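The values are calculated or read from the model by the stated rules, or taken from the named source; none is laboratory data. Computed from a predicted structure; not experimentally measured. So basically every Cβ, Gly included, is an ideal-geometry build from the backbone, and we count neighbours across all protein chains shown. The protein model used for the area step is the full one, side chains on, heavy atoms only, and it has no ligands, DNA or RNA in it. Shrake-Rupley method; radii C 1.70, N 1.55, O 1.52, S 1.80 Å.
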Amino acid sequence: MALARNSDSEEHLHSTFASRYVRAVIPRFKMPDNSMPKDAAYQVISDELMLDGNPRLNLASFVTTWMEPECDKLIMESVNKNYVDMDEYPVTTELQNRCVNMIANLFHAPVGEDEAAIGCGTVGSSEAIMLAGLAFKRKWQQRRRAQGLPTDNPNIVTGANVQVCWEKFARYFEVELKEVKLSEGYYVMDPAKAVEMVDENTICVAAILGSTLTGEFEDVKTLNDLLAEKNAETGWDVAIHVDAASGGFIAPFLYPDLEWDFRLPWVKSINVSGHKYGLVYAGVGWIVWRTKDDLPEDLGYKNIMENCMDNARRLREGIEMTGKFNIVSKDIGVPLVAFSLKDSSKHTVFEIAESLRKFGWIIPAYTMPADAQHIAVLRVVIREDFSRGLADRLITHILQVLKEIEGLPSRIAHIAAAAKVSGGEEKTAKMSLEDIAKYWKRLVENKRNIVC
């Protein structure tokens, strides 16, 4: 007796990988002509996603990669809500407003006991910066119009180390970006140089609490004092925005006496990323405008941030013990370790970053902005889920990579030789290093753009 043939859907229930859907070629850029069972569709997409890097080993990113299971459950229970529809989801809206007040009080905004803080949740710090910058531009325009002055040439002063979203703001909203150049050994904005660049068309000065390059906090207090003097002399009203995307949830708990927030009178707005050291997944950001309340002395955040700093110190000590690197990052700032090679004549940090990939580590190598572009560094971001064990394992792998590349011929010798020939004997070692760094940056970017 002939057996009845199972349908494709019945067959798929028994073995996903034995079905024809896994064997067939699926269109990449067009809708397929036929449907497939949901478990087959899941498997096909899941298999492709396995080729992504491991988020837990992505030490290039500040973004949170682990949360408690209860948080995951809450997210999934609320993922079908369009929470910007405030009339339909009033409780979600209230939770957002409570978070705004918590953050405003954390940042010492001068809000009364029964007053509501001014601010909102955003997709991330990029959107928050757009809103803050636009508010500064509108206020500047209103003041200028009231004085009968032109409003067609606004500018904003930042350090050259700012995140790219500031460049986008300037481009999108037609504001000139005036950047304070960096220098070797000083990789944050110099407040004195920043105030020198301020003029009557400056809508604000942006300070960074936690540079993405080295994790350093910029000196907002000195900036505030110098700006207060200049405003008093000129009659201008130029204020400060603090981009605390990375450091906003660190400084209040680890450095509570550091004055960087609304305790300073010329700080008018602050943004912070929830999905960085706010310990939640992407993408959540916050923007708040000036309130005051007490900061509890003992919170869970403090313990988590202290652990992050302890693991950063452990990693820094291990890297220093190799004897091959200079530590570029500072002790006070975002928990990260940025380091450069002491000798880049044969091998570069870009080669080390590429070699560490084989162990699964995703660690960025980059050159500093102007005028320190001849300095190339590696940077490891320490998040909540980066343990002491992972720090020790990374140190072991760095040592292994150093041993391997030291036994190899220099892959950049011909670049240095070519640079010397093209520039003559007077071509400095500093310029040669720039050429080498450009070569490796192009190589790494080309590899990243390969479609698998």
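Computed quantities for the displayed model
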quantity: Conditions (1) in contact with an Asp or Glu (Cβ under 9 Å, 6 or more places away or on another chain); (2) over 26 Å from Ala116 (Cα atoms); number of the one not met by Glu306; calculated: (1)
quantity: Residue identified as in contact with a strand residue (DSSP E or B) (Cβ under 7 Å, 6 or more places away or on another chain), open to solvent by 10 Å² or more (accessible area, probe 1.4 Å), of a type in the set (Gly, Ala, Ser) and within 24 Å of Asp243 (Cα to Cα) among Ala353, Ala370, Ala365; calculated: Ala365
quantity: Scan of region 167-179 for residues that are crowded, with 23+ Cβ neighbours inside 10 Å and either of a type in the set (Lys, Arg) or within 21 Å of the chain's Cα centre (by Cα) (or both), ordered by number; calculated: Phe169
quantity: Boolean, Ser345 is more than 20 Å from the chain's Cα centre (by Cα), polar (S, T, N, Q), surrounded by fewer than 22 Cβ atoms within 10 Å (Cβ to Cβ) and in a loop (DSSP other than H, G, I, E, B); calculated: yes
quantity: Condition met for Leu134 (surrounded by 12 or more Cβ atoms within 10 Å (Cβ to Cβ) and farther than 25 Å from Asp243 by Cβ); calculated: no
quantity: Single unsatisfied condition, Asp257 versus (1) in a loop (DSSP other than H, G, I, E, B); (2) closer than 22 Å to Phe62 by Cβ; calculated: (2)
quantity: Yes/no for Leu227 being in a loop (DSSP other than H, G, I, E, B), open to solvent by less than 10 Å² (accessible area, probe 1.4 Å) and over 30 Å from Leu59 (Cβ atoms); calculated: no
quantity: Some residue of region 361-383 being out of contact with any Gly (no Cβ under 7 Å at 6 or more places or on another chain), of a type outside the set (A, V, I, L, M, F, W, C) and in a helix (DSSP H, G or I); calculated: no
quantity: Evaluation of Glu425 against (1) among the acidic types (Asp, Glu); (2) modelled with pLDDT of 55 or more; (3) not in a helix (DSSP H, G or I) (one fails), failing number; calculated: (2)
quantity: Residues located in region 38-74, provided they are open to solvent by 50 Å² or more (accessible area, probe 1.4 Å) and more than 30 Å from Arg28 (Cβ to Cβ); calculated: Trp66, Glu68, Pro69, Glu70, Asp72, Lys73, Leu74
quantity: Out of Asp257, Asp261, sole residue that is on the phi < 0 side of the Ramachandran plot, open to solvent by less than 50 Å² (accessible area, probe 1.4 Å) and of a type in the set (D, E, K, R); calculated: Asp261
quantity: Test result for Thr93, out of contact with any Lys or Arg (no Cβ under 9 Å at 6 or more places or on another chain), farther than 16 Å from His241 by Cβ and either open to solvent by less than 40 Å² (accessible area, probe 1.4 Å) or among the basic types (Lys, Arg) (or both); calculated: yes
quantity: Spans of helices (runs of 4 or more DSSP H) in region 34-110 with at least 1 residues in contact with an Asp or Glu (Cβ under 8 Å, 6 or more places away or on another chain); calculated: 90-106
